[in-house]
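The block underneath contains the structure these notes are about, expressed in structure tokens.
The values are calculated or read from the model by the stated rules, or taken from the named source; none is laboratory data. Remember, predicted model here, so these are calculated numbers, not experimental data. Note that each Cβ is placed from the backbone with ideal geometry, even for glycine, and that neighbours are counted across all protein chains shown. Protein only, heavy atoms only, side chains kept; ligands, DNA and RNA dropped before computing areas. Shrake-Rupley method; radii C 1.70, N 1.55, O 1.52, S 1.80 Å.
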Amino acid sequence: MVMRIGGFASGLDIDSIVNDLMKAERIPLDKMKQDKQILEWQRDDYREMNSLLNELDEFIFDGIYMQGSFTKKIITSSNENAVSAKNINSISDVYASIRVDQLAEAAYINSAADIRANTAFDPNGNLVDEAANLVDFNTSYTSFTIQAIQADGTLGSAISFTIDPNTESLNDVINKINNSNAGVNIFYDQQTGRISMTAKNTGDVSGQPEIIITGDFLTKTLGLASDNVVAGANGNLGKNAKFNINGIDTERPSNTFIINGFEYTLKQVTDDGDSITEPGELVTINSTTDTDQIVDTIVKFVDKYNEIIEKINDKLSEERYRDYPPLTDDQKKELSDNEIELWEEKAKSGLLRNDSLLSNGLNQMRTTLYTPVQGINTKYDQLSEIGITTSSNYLDKGKLIIDENKLRQAIQDDALAVYDLFNKEVKDASGNLVYDQSGIARRLRDVIDQTITNVEARAGNSLKTNAQFTIGRNLDRINKDIADFETRLIELEDKYWRQFTEMEKAINRYNSQFGALMSQLGQGQ
């Protein structure tokens with residue numbers, strides 16, 4: 001640090017002089033800081049635009065991109081109490097006539113008698129402590145297996161269990177079984193002292209029991225038969241659902257099953273048991289396209305698309321006020337908060353005006369929307385044919401408008417074709433989208449993804465370091481230039497102070513010599 005001597009000898013305000021000199025020297029530094037601020041604002045604007053594009057991409061994915069958005073059906077059943085249905089993934093409609101001959105049932109095994117030796121038994125007490133209150137328990141009964149029918153109607157693998165009678169109670173073991181993947185549910189009825197084990201899945205395993213158990217704890221302590229067939233009157237055989245659909249006798253292990261994309265649920269038997277099928281025994285299931293829901297999905301997409309491109313176009317057409325550079329720290333000290341806010345509003349404006357990355361992205365999106373999709377129903381292979389066109393007002397800059405009556409008619413006429421228009425997917429051998437043969441939603445997401453990638457290469461995102469994108473690298477360069485310049489300013493300020501200090505010392509020496517000379521001349525008189 002340079003020793004700084006004020007203007008005691010010269011009478012000059014050296015501190016003010018040096019400050020004024022340094023203000024002039026700092027002008028290039030202020031310019032660098034302003035350039036840095038503009039880059040930061042521009043980076044943030046780019047990232048805001050990418051957030052909008054991401055928002056549109058997610059909206060497309062959750063809406064028109066999903067097959068379920070085009071499979072909305074209104075389903076009616078002539079007897080909802082007997083058979084109900086819902087659409088899972090079918091675009092086509094259904095007409096089904098169903099007679100229910102037998103409902104699926106789950107197998108079970110019940111203990112033949114009370115497992116308690118007396119009513120003092122506590123199901124929450126450790127098994128060792130409760131041994132005297134059970135008809136049959138031994139501390140060696142520590143392992144068992146359970147094998148049960150699976151959802152597909154086949155017998156699953158045996159699941160092994162171990163228990164610690166010193167620390168676990170009957171209820172602990174029950175919870176362990178129920179929370180496992182053994183495929184059964186077990187409970188203890190404290191009123192009767194009996195155990196019931198039921199398969200979680202209905203159905204009949206052909207030629208085999210649906211529940212098979214091993215281990216003395218289950219067969220002796222809990223009094224359960226080794227399988228549900230052996231259990232006899234204390235068990236139940238699993239049954240498949242048996243029904244006739246459109247004249248075909250068939251069966252399923254569950255009362256709920258899917259045929260051609262529709263999920264049916266059988267609730268009660270409709271067959272009265274005679275050999276004649278009567279009208280009342282048949283339940284008819286019909287479906288029609290839920291046009292309102294599909295129209296609503298497409299309208300919401302158009303609204304979101306219009307909203308996003310309007311925001312991006314507004315940013316691209318913002319006025320650039322070059323007479324309003326970012327304020328320096330000294331300038332901010334002279335302004336009120338409101339004045340700073342108004343100034344910076346203009347200083348931030350137009351930083352993405354006519355930006356090529358975003359403009360090209362919007363142009364590609366517009367092209368994507370209006371290029372016909374090859375290989376689908378030519379009656380509905382472009383948006384205009386389902387009532388979606390571009391606004392004729394040039395100020396709307398590519399916004400979409402909808403003729404809902406025409407859209408509704410297209411959906412009623414061929415919902416599958418409308419789905420293909422948005423979502424048909426064709427890829428080449430390299431896994432890339434074949435543009436002219438793929439649906440509009442898939443193309444649009446592809447263009448959005450590429451635009452986001454291009455913008456991130458320039459402006460990055462919150463996960464990228466400055467070295468990974470163009471603006472970030474420019475910021476690093478400016479930060480280094482600022483640091484170097486600030487070092488030079490410190491050295492320059494020290495230089496000025498050394499020069500003025502030497503001047504003060506010289507004046508002080510002169511004053512001392514002059515005083516001494518005057519003193520000598522005075523003595524000579």
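Before moving on, here are some points about what is shown:
- Computed over the alpha-carbon atoms, the stretch 321-361 gives an Rg to Rh ratio of 1.16, Rh here being the Kirkwood radius from the mean inverse distance.
- Difference of contour (0.36 nm per residue) and Cα-Cα distance, D330 to K399: 20.3 nm
- When the stretch 253-394 is reduced to its Cα atoms, the Kirkwood hydrodynamic radius in Å: 22.3
- Both radii come from the Cα set of the stretch 366-521: Rg as radius of gyration, Rh as Kirkwood radius; their ratio Rg/Rh reads 1.62.
- Inter-label distance, nm, simple model (7 Å from Cα along the C-beta direction), E25/E80: 8.7
- Partners for K495 among lysines (Cα-Cα distance below 19 Å; same-chain residues under 8 apart left out): K23, K505
- Apportionment of accessible area to carbon and sulfur, the chain, percent (1.4 Å): 46
- For the stretch 146-261, the alpha carbon positions stretch 59, 30, 27 Å along the principal axes, listed from largest to smallest.
- Scaling against 2.2 N^0.38 Å puts the C-alpha radius of gyration of the stretch 334-382 at 2.25.
- q = 0.15, 0.17 Å⁻¹: log10 I(q)/I(0) that the Debye formula gives for the stretch 454-509, counting C-alpha atoms only: -0.59, -0.65
- Cα centroid of the stretch 295-348 to Cα centroid of the stretch 113-130, whole Å: 75
- Mean residue ellipticity (222 nm) of the chain, computed from DSSP H runs ≥ 4 via -39,500 (n - 2.57), nearest 500: -14000 deg cm²/dmol
- Whether the stretch 373-416 is rounded, prolate or oblate, judged on the alpha carbon gyration tensor where a/c under 1.5 counts as rounded: oblate
- Listed values [x] 283; [y] 330; [z] 156, entry calculated as volume of the Cα convex hull per residue in Å³: [y]
- Residues K176 and N133, FRET efficiency given R0 of 22 Å [Cβ-Cβ distance, rounded to 0.05]: 0.60
- Which listed pairs, of K348/K464; K73/K399; K33/K346; K332/K397, have C-alpha distances above 27 Å, in listed order: K73/K399; K332/K397
- Alpha-carbon spread of the stretch 277-331, three principal axes, descending order, Å: 94, 22, 9
- Rounded to whole numbers, the Karplus 3J(HN,Hα) couplings from phi for the stretch 87-97 are 7, 9, 8, 9, 8, 6, 8, 10, 9, 10, 10 Hz, using 6.51 cos²θ - 1.76 cosθ + 1.60 with θ = phi - 60°, and x at Gly and Pro.
- Sequence-distant aspartates and glutamates (8 or more away, or on other chains) whose Cα lies within less than 14 Å of K239: D101, E105, D152, D204, E210, E251
- Counted residue by residue at 0.36 nm each, then reduced by the alpha carbon distance between them, the extension gain from Q208 to F187 reaches 5.2 nm.
- Hull volume per residue, based on the alpha-carbon atoms of the stretch 254-305 and their convex hull, is 133 Å³.
- The lysines within cross-link reach of K72, meaning a Cα-to-Cα straight distance under 23 Å and a gap of 8 or more places when in the same chain, are K86, K300, K304, K379, K406, K424.
- Under the Karplus curve 6.51 cos²θ - 1.76 cosθ + 1.60, θ = phi - 60°, whole-Hz ³J(HN,Hα) for the stretch 66-75, x wherever Gly or Pro sits: 8, 4, x, 5, 10, 10, 5, 10, 9, 10
- Around the amide H of S254, modelled in the peptide plane, lie the amide H atoms of A241, all under 5 Å away and 5 or more residues distant in sequence or on another chain.
- Longest to shortest principal axis, alpha-carbon extents of the stretch 85-178, angstrom: 64, 24, 21
- What the phi angles of the stretch 241-252 give under the Karplus curve with 6.51, -1.76 and 1.60, with θ = phi - 60°, is a coupling list of 6, 10, 7, 10, 10, 6, x, 10, 6, 8, 8, 9 Hz, glycine and proline written as x.
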